[in-house]
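Student: One structure is given below, represented as structure tokens, and several questions about it will come after.
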Amino acid sequence: MYRFTYHQPADLDEAVQIASSSEDGSYLAGGMTLLPTMKFRLASPSDLIDLGAIEALRGIAVEGGRLRIGAASTHAEVAASALVTERLPALTGLAGRIGDPAVRNRGTIGGSIANADPAADYPAALLALDAEVVTNRRTIAAANFFTGFFSTALDPGELVTAVRFAVPAQAAYQKAPNPASRFALVGVFVARHADGARVAVTGAGQFATRYPAFETALDTSFTPAAVAGVTVDEAGLMTDLHASAAYRAHLISVMAKRAVAAC
Amino acid sequence: MATDPSASIALRVNGKDVEGRAEARTLLVDFLRDTLRLTGTHIGCDTSQCGACVVHLDGVAVKSCTVLAVQAAGREVRTIEGLADADGSLHPMQEAFRQHHGLQCGFCTPGMVMTAIELAQSAEPLTPEHVREGLEGNICRCTGYHNIVQAVLAGAAAMRQ
Ligand SMILES: Cc1cc2nc3c(=O)[nH]c(=O)nc-3n(C[C@H](O)[C@H](O)[C@H](O)COP(=O)(O)OP(=O)(O)OC[C@H]3O[C@@H](n4cnc5c(N)ncnc54)[C@H](O)[C@@H]3O)c2cc1C
Ligand code: FES
Ligand code: FES
């Protein structure tokens, strides 16, 4: 790991101020992605701005009918939250199956979405649950947040403060985990909102996306058979050492069926 | 705040106040092993996947290879060295690993035991399934896990008595 200067700001303003005045600063949340990346010297920030002491980034609450999860909430906190379990059990299950217990004890929702790994679990939930990403500057609709392979709409220095999820009538998430890391080989999040179904897929392509063909099929008939009838095109899906595009296309279909059945 | 090359950090480790110098980039595991000479905590990978380095930070199981030493300043760390009683009698989880042959080479064992203790403290009743899921982040190259699972179930039962 290259040298850097470590900061532990007490509030949001100070964190953003340090980020803007540093040469090439990075926020540090759970460190579960950033620190391994720095160990490999694939990242070498001049400054690390530890978000761990900022109270305003914590907490889970219901706000205007939406479920608000502070950016620094760990996967373990989300998985153990009675409020999340009551309103959005699919999200409890998703958070509780990220990585392993020690990763869940440190890793955060804000870090996960800012990192935008194509195989991360949360991005599928954000898209299917019509979430809003709240930052220190603005509110970004999930639909506009994930913009590509490990890329987001965040500007340099912009800090995610919370994610606000819509609460649908029914929702479920199913993933085929990579057996070593538990990242999604393919993960499908299905949600049944008052105005129609939303289906989002992670792990399969360059970044998480919605699958309108599934949604149309589910709006006609909210059954596993309806999604089974949709042909998934392998064009644009990833082929890597873990799985071929054809296998991923097959998994999308299977996970979508299971998710609808689990709703 | 902490700047390189090194600053003094103070924390509590296994119930004792300790102090040592660390760079901002020093990992907690290296601080424990090299500065405090607590070499029971192991390093088995550089991808945060093997769990050999698991310690408790304020009571929570963390991979000490993926936490900075400065992040532990002012906090409480418990390592494998902090489990046995002063008279040398083993913690119930350590004793269960011994009884059930939950180790062969022993490299993964400190992390396994620290993870297992957190698992045993969870409110749910433990099944072999839970234990296998709970040890998802701890890799063992020797045992095939069967005896580790038996050990954790027995250790958890002993801890709950
Ligand atoms: C062994 C292992 C297994 C894993 N398995 C899974 C899995 O199954 N599924 C899954 O989804 N993930 C998995 N992960 C990733 C894990 O969920 C990470 O916790 C997550 O991707 C990053 O979150 P973090 O809080 O650790 O962020 P960090 O590593 O601290 O930061 C990641 C990036 O986000 C930026 N950032 C952090 N917080 C903010 C913020 N509030 N605003 C703006 N930028 C911010 C940082 O600057 C950095 O660029 C795994 C990780 C490991 C090590
Ligand atoms: S050394 Fe920490 S997870 Fe492998
Ligand atoms: S006993 Fe050898 S790695 Fe587990």
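Student: Could you list, in sequence order, the residues of the stretch A:175-205 that are under 19 Å from A:His250 (Cβ atoms) and either under 13 Å from the mean Cα position of the chain (by Cα) or open to solvent by 30 Å² or more (accessible area, probe 1.4 Å) (or both)?
Tutor: Result: A:Lys175, A:Pro177, A:Pro179, A:Phe183, A:Ala184, A:Gly187, A:Val188, A:Phe189, A:Ala200, A:Val201, A:Thr202, A:Gly203.
Student: Out of the residues in the stretch A:107-116 that are more than 6 Å from ligand 1 (Cβ to nearest atom) and in a helix (DSSP H, G or I), state the one that is surrounded by the most Cβ atoms within 10 Å (Cβ to Cβ). Spell out the reasoning first.
Tutor: In the first step, residues of the stretch A:107-116 are kept if they are more than 6 Å from ligand 1 (Cβ to nearest atom); the result is A:109, A:113, A:116.
Adding the requirement that they be in a helix (DSSP H, G or I) leaves A:109, A:113.
Values: A:Ile109: 29, A:Ile113: 25.
The extreme case among them is A:Ile109.
Student: Then there's this: Kindly indicate which of B:Gly82, B:Gly51, B:Gly102 is open to solvent by less than 50 Å² (accessible area, probe 1.4 Å) and within 16 Å of ligand 1 (Cβ to nearest atom). Even if it seems obvious, please write down each step before you answer.
Tutor: Numbers: B:Gly82 fails: within 16 Å of ligand 1 (Cβ to nearest atom); B:Gly102 fails: within 16 Å of ligand 1 (Cβ to nearest atom).
Result of the check over B:Gly82, B:Gly51, B:Gly102: B:Gly51.
Student: Regarding the stretch B:147-155, can at least one residue be identified that is assigned to a helix (DSSP H, G or I), touching a Ser or Thr at 6+ places or on another chain (Cβ under 7 Å), more than 14 Å from chain A (Cβ to nearest Cβ) and touching a residue at least 24 places away in the same chain (Cβ under 8 Å)?
Tutor: no
Student: Same structure, new question: With the condition kept exactly as written, say whether any residue in the stretch A:117-130 is within 14 Å of chain B (Cβ to nearest Cβ), within 15 Å of ligand 1 (Cβ to nearest atom) and open to solvent by 10 Å² or more (accessible area, probe 1.4 Å).
Tutor: Yes: the stretch A:117-130 contains one or more residues that are within 14 Å of chain B (Cβ to nearest Cβ), within 15 Å of ligand 1 (Cβ to nearest atom) and open to solvent by 10 Å² or more (accessible area, probe 1.4 Å).
Student: Somewhere in the stretch B:129-139, is a residue more than 12 Å from the chain's Cα centre (by Cα), surrounded by fewer than 23 Cβ atoms within 10 Å (Cβ to Cβ) and away from chain A (no Cβ under 14 Å)?
Tutor: No: the stretch B:129-139 contains no residue that is more than 12 Å from the chain's Cα centre (by Cα), surrounded by fewer than 23 Cβ atoms within 10 Å (Cβ to Cβ) and away from chain A (no Cβ under 14 Å).
Student: I would also like to ask the following. Let me spell it out: the conditions are (1) within 14 Å of chain B (Cβ to nearest Cβ); (2) over 28 Å from A:Tyr211 (Cα atoms); (3) in a loop (DSSP other than H, G, I, E, B), and A:Ile98 meets all of them except one. Which number is the exception?
Tutor: (2)
Student: Output the qualifying pairs, or none if there are none: Cβ atoms under 8 angstrom, residues six or more apart or on different chains, first residue in the stretch B:103-124 and outside the structural domain of B:Ala61 (by TED's automatic domain parsing) and at pLDDT 95 or above, second residue basic (Lys, Arg) and in a helix (DSSP H, G or I).
Tutor: That search, which allows pairs on different chains as well, returns B:Ala120/B:Arg160.
This table checks each residue for (1) more than 22 Å from the chain's Cα centre (by Cα); (2) modelled with pLDDT of 95 or more; (3) at positive phi.
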| residue | (1), (2), (3) |
| --- | --- |
| A:Pro9 | yes, yes, no |
| A:Gly52 | no, yes, no |
| A:Gly59 | no, yes, yes |
| A:Arg66 | no, yes, no |
| A:Ile69 | no, yes, no |
| A:Glu77 | no, yes, no |
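The values are calculated or read from the model by the stated rules, or taken from the named source; none is laboratory data. The structure displayed is predicted, hence computed values, not measured ones. No Cβ is skipped: glycine too gets one built from the backbone with ideal geometry, and neighbour counts run over all protein chains shown. In case anyone asks, the SASA skips ligands and DNA or RNA and just uses the protein heavy atoms, side chains included. Shrake-Rupley method; radii C 1.70, N 1.55, O 1.52, S 1.80 Å.
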